[in-house]
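Input: a single structure, listed below in structure tokens.
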Amino acid sequence: MSVRHTWTVRGGGAAVSWFDVRLAFADGAVVETLAVLSPHGVRVEDVRAEPALSLDDLAVLGQWLEGPLLDACVPAAAGCAAPRRARPEWPRGREGCRLAAREYRAAQEAGADPVLAVMGATGHSRRDSLRLIGRARDEGFLAPRRARRASPAAPRAPRPDPRDGPYTG
């Protein structure tokens with residue numbers, strides 16, 4: 001079960017808050033709702049369920065939502081708790097580089113894409129994650145990138161100089 005505070009509208013001395021509520025049951029059924037909490041009570045604006053809810057289940061939906069919504073809201077004049085950060089808090093500097101390197105190596109060992117692992121852990125874009133990985137390399141937490149070069153066992157043939165005339169190969 002998860003409750004996510006999506007937005008709040010304040011006006012006329014009152015606050016109205018919207019929540020995404022997701023209920024997952026042991027039998028695999030999932031109910032997703034958009035609930036509105038106002039000074040007048042709780043309303044359900046949208047319901048999506050897989051499999052579809054029966055009328056009896058729909059009648060008790062409010063009871064299912066009551067507990068999680070009360071846990072998500074703070075009983076204060078302001079209405080509800082502040083929304084959580086969309087991106088997890090990530091330490092800056094050397095500590096952030098160390099943690100990024102740890103995520104990178106764990107993904108490599110698991111055979112997953114290490115850049116995607118750092119993106120998921122930090123919540124940063126691909127560009128910012130690559131920049132963080134580069135700083136981790138500079139700090140010595142990751143090995144330097146390997147330079148791409150030809151194998152010494154198979155030297156490349158020299159390219160002909162165009163000033164020597166047509167190449168007849």
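Computed from the coordinates by the stated procedures, all read-outs in this text should not be read as laboratory data. Keep in mind the model is a prediction, meaning the values are calculated, not measured. Reconstructed Cβ throughout: ideal geometry from the backbone, glycine too, with neighbour counts over all protein chains shown.
Please give the contour-minus-distance gain from Ala143 to Asp113: 0.36 nm per residue of separation, less the Cα-Cα distance, rounded to one decimal in nm.
Details: separation 30, 0.36 × 30 = 10.80 nm, distance 1.65 nm.
Going from the current span to full extension adds 9.2 nm.
Once the C-beta distance of Leu130 and Glu50 is scaled by a Förster radius of 41 Å, the resulting FRET efficiency is 0.65 to the nearest 0.05.
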